[in-house]
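See structure below.
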Amino acid sequence: MRAEVAVGQAAQPTASDAARGERPLWQVALAAWLGQRLLIGALVLLWQLALGAFSPAAFYRVWTLFDGIFYSLIAHDGYRILQEAAYFPLYPLLMHALAPLVGGHVTLAGLILSNLLSLAAFILLGRLVAHEFGPQTARRTLLYYAVFPTGLFFAAVYTEALFLLMSVAAFLCIRQRRWLLAGALITLATLTRAPGALLLLPLAIEAGQALLPAWRTLSGAQRLRAGLALGAAVALPLLAFLALQRYLTHIYGISDALSRAANNPDWLRYPDWPWAGVVSDLATLTAGGANTPTLEIIKDFVFLAFWLGLCAIMLLPARWTAWPALPRAWVVYSWASLLQVLALPAHIRGGGLMSVPRYVLVVFPCFALLALIGERYPRAHRLTVALCIAWTIILTRLLAGATFVA
C-alpha cells in the first residue's frame, strides 16, 4: 500500500530533497502558480498591444467574460433567470461573501478567489502526487499545470480553481481514510459543479480496498463507526444536490430547473451517445462553409485526443509500461469524468465538444500520468512543454480578443 502520510507531513522536504538542495513542494507550487500568471498575463498583454486593443479596462475584462458574467450576476442578485440555474451556487456564494472586503465588487472578488484557490489547489496537488509517486513527479505535474493552455481559467472568474481544490483535497482525505471529511469535501465539489458527485466513485473504491480485507477482524463498534462514517460521506453530497434542486424549485416554481437550464439554446446540453458530439463536430467540419468555427472545433478535438489518449494509457497493464501504475481510484475517476462529458454534449453547430479543453483541466490524474511519462522519456517531456506553450499562445490570442475559448 502506498504511503498514507498526514497532509502536513507531506509538505516537508525529505532528507533526499535536502541533500539535493531542492525546494520544498509548497515553494515549487508557488513558483508554478506565479509562473502561470506571468506567462498568460504577458501573452494576453502582448496580444492586446499587437491588436491595438489594450487598456487597463480591456485587460481586466478578459478574465471576467462568459461564465464569469453569470457568476457575477448570481453573486450580486441571486438566481433570477432560469438560465442561471445551470451555474451551481458555491462559487458565487463565496464571491458574495468576499465582496464586502473589496468594496462590494463581486467580479473582483471572483478574480481574487480563483487566484487564491488555485494556489491552494497547486499546493495540495503537489502533496497528493508526492504521496503516491514522490516529489519529482509532483514537481513535474505542477510544471505541466503551469504551462497547460487552459490553465488561464485558474486566473479567471470560473469554477476550475475551486473544483480542483475540493477534488484534490477529497482525494487526500480518502487516502488518509478520513471518510467523513472526504464526504464533506465531495459535497462542496458537487455544489461547485455537478461532476463533483463523481468523486463518490474513488471514495467507494478506496473504502472497499481499505475495509473489506479486514472487515472480519473488526469489532462490532469498529464496523459501526466505519459504516456510519461512510454512509454519511455518501449521503452528504446526495442530500446537498437534492437540497439544491428543492431550492431552485422554490425560486423558479418548476421542478426541473437544472435540466431546463442545461437545455438553454446557448448550449443545449442533454444526454446522448458518447460519440454524438464527435460525430456532430466532424459533420460540421466536412460540410464547411464561411461560418464554420474551424479553429474552435480543431481545438476541442486536440484536447479530447489528449484526454482520451491519457485515459487509454491508464488502462495498459503495468508490465507494458516503464512507469508506475496509477491507483485504481484515479483511473476510474478519470474515465468517469471523460464519459460524463462525452455523454452530455452540446447540441449546437460546431459545438458538440464545447468546453472540453476546460473540463480536462481539473482531471489531475492525467497530469500525474503525463509527469510519469515525461520522467521516463525526456523527449516526450520537452515536446509536451513545447506543445502546451504553443497552444497557450493560440488561446491567449483568442482570449485577448474577447473570443470564447472554452
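The values are calculated or read from the model by the stated rules, or taken from the named source; none is laboratory data. Quick caveat, the model's predicted, so the values are computed rather than measured. As a convention, Cβ positions derive from the backbone with ideal geometry for all residues, glycine included, and neighbour counts pool all protein chains shown.
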Legend entry - Matching entry among Thr321, Thr294 (being under 30 Å from Glu206 (Cα atoms) and surrounded by 12 or more Cβ atoms within 10 Å (Cβ to Cβ)): Thr321
Legend entry - helices (runs of 4 or more DSSP H) wholly inside the stretch 196-270 containing at least 2 residues that are under 27 Å from Gln176 (Cβ atoms): 200-211, 220-252
Inset, instruction - Note down all Cβ pairs under 7 Å where the first residue falls in the stretch 99-124 and is of a type outside the set (A, V, I, L, M, F, W, C), the second is modelled with pLDDT of 95 or more and not in a helix (DSSP H, G or I), and they're at least six residues apart or on different chains. - result: Thr107/Thr64; Thr107/Val157; Gly110/Val157; Ser114/Ala156; Ser114/Val157; Ser114/Tyr158
Inset, instruction - For Arg61, work out the one condition from (1) at pLDDT 95 or above; (2) under 30 Å from Thr137 (Cα atoms); (3) among the basic types (Lys, Arg) it doesn't fulfil. - result: (2)
Legend entry - Near pairs, Cβ below 6 angstrom, 6+ apart or cross-chain, from the stretch 58-70 (more than 25 Å from Ala262 (Cβ to Cβ)) to any residue that is part of a helix (DSSP H, G or I) and polar (S, T, N, Q): none
Inset, instruction - Hey, could you check the stretch 127-152 for residues that are among the hydroxyl-bearing types (Ser, Thr, Tyr) and within 17 Å of Gly35 (Cβ to Cβ) and say which is surrounded by the most Cβ atoms within 10 Å (Cβ to Cβ)? - result: Thr141
Inset, instruction - State which residue is surrounded by the fewest Cβ atoms within 10 Å (Cβ to Cβ) when the search covers only the stretch 38-49 and only residues that are over 26 Å from the mean Cα position of the chain (by Cα) and under 20 Å from Pro149 (Cα atoms). - result: Leu46
Inset, instruction - Would you point out the residue of the stretch 201-235, among those that are charged (D, E, K, R) and touching a helix residue (DSSP H, G or I) at 6+ places or on another chain (Cβ under 8 Å), that is surrounded by the fewest Cβ atoms within 10 Å (Cβ to Cβ)? - result: Arg223
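Conditions tested, residue by residue: (1) touching a Cys at 6+ places or on another chain (Cβ under 7 Å); (2) at pLDDT 95 or above; (3) surrounded by fewer than 18 Cβ atoms within 10 Å (Cβ to Cβ); (4) within 26 Å of Gly126 (Cβ to Cβ).
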residue: Gly309; (1), (2), (3), (4): no, yes, yes, yes
residue: Pro327; (1), (2), (3), (4): no, yes, no, yes
residue: Leu342; (1), (2), (3), (4): no, yes, no, no
residue: Tyr377; (1), (2), (3), (4): no, yes, yes, yes
residue: His381; (1), (2), (3), (4): no, yes, no, yes
residue: Trp391; (1), (2), (3), (4): no, yes, no, yes
Legend entry - Enumerated helices (runs of 4 or more DSSP H) restricted to the stretch 313-406, each holding at least 2 residues that are touching a Gly at 6+ places or on another chain (Cβ under 9 Å): 328-342, 378-400
Legend entry - So Leu238, is it under 23 Å from the mean Cα position of the chain (by Cα), aliphatic (A, V, I, L, M), surrounded by 14 or more Cβ atoms within 10 Å (Cβ to Cβ) and farther than 20 Å from Met166 by Cβ: no
Legend entry - Selection status of Val157, modelled with pLDDT of 95 or more and either aromatic (Phe, Trp, Tyr) or closer than 16 Å to Phe122 by Cβ (or both): no
Legend entry - Residue that is surrounded by the most Cβ atoms within 10 Å (Cβ to Cβ), among those in the stretch 165-200 that are small (Gly, Ala, Ser) and farther than 29 Å from Gly374 by Cβ: Ala182
Legend entry - Those residues of the stretch 248-265 which are of a type outside the set (Gly, Ala, Ser) and surrounded by fewer than 14 Cβ atoms within 10 Å (Cβ to Cβ), in sequence order: His250, Ile254, Pro265
Inset, instruction - Please list, ordered by first then second residue, the pairs with beta carbon atoms under 6 Å, 6 or more apart or interchain, first in the stretch 200-220 and touching a residue at least 12 places away in the same chain (Cβ under 8 Å), second not in a helix (DSSP H, G or I). - result: Ala210/Arg177
Legend entry - Hits in the stretch 171-195 (condition: in a helix (DSSP H, G or I), more than 20 Å from Pro327 (Cβ to Cβ) and of a type in the set (D, E, K, R)): none
Inset, instruction - Considering only the stretch 93-110, state which residues are out of contact with any helix residue (DSSP H, G or I) (no Cβ under 7 Å at 6 or more places or on another chain) and not in a helix (DSSP H, G or I). - result: Gly103, Gly104
Inset, instruction - Please work out if Leu165 is touching a residue at least 40 places away in the same chain (Cβ under 8 Å), assigned to a helix (DSSP H, G or I) and not charged (D, E, K, R). - result: yes
Inset, instruction - Only residues in the stretch 259-284 that are at pLDDT below 95 and among the aromatic types (Phe, Trp, Tyr) count as the first member; pair them with residues that are in a helix (DSSP H, G or I) and surrounded by 15 or more Cβ atoms within 10 Å (Cβ to Cβ), Cβ under 7 angstrom, at least 6 apart or cross-chain, and list the lot. - result: Tyr270/Ala262
Inset, instruction - Give Leu98, Leu162, Leu124 a once-over and let me know the one that is surrounded by fewer than 21 Cβ atoms within 10 Å (Cβ to Cβ) and either at pLDDT below 95 or not small (Gly, Ala, Ser) (or both). - result: Leu98
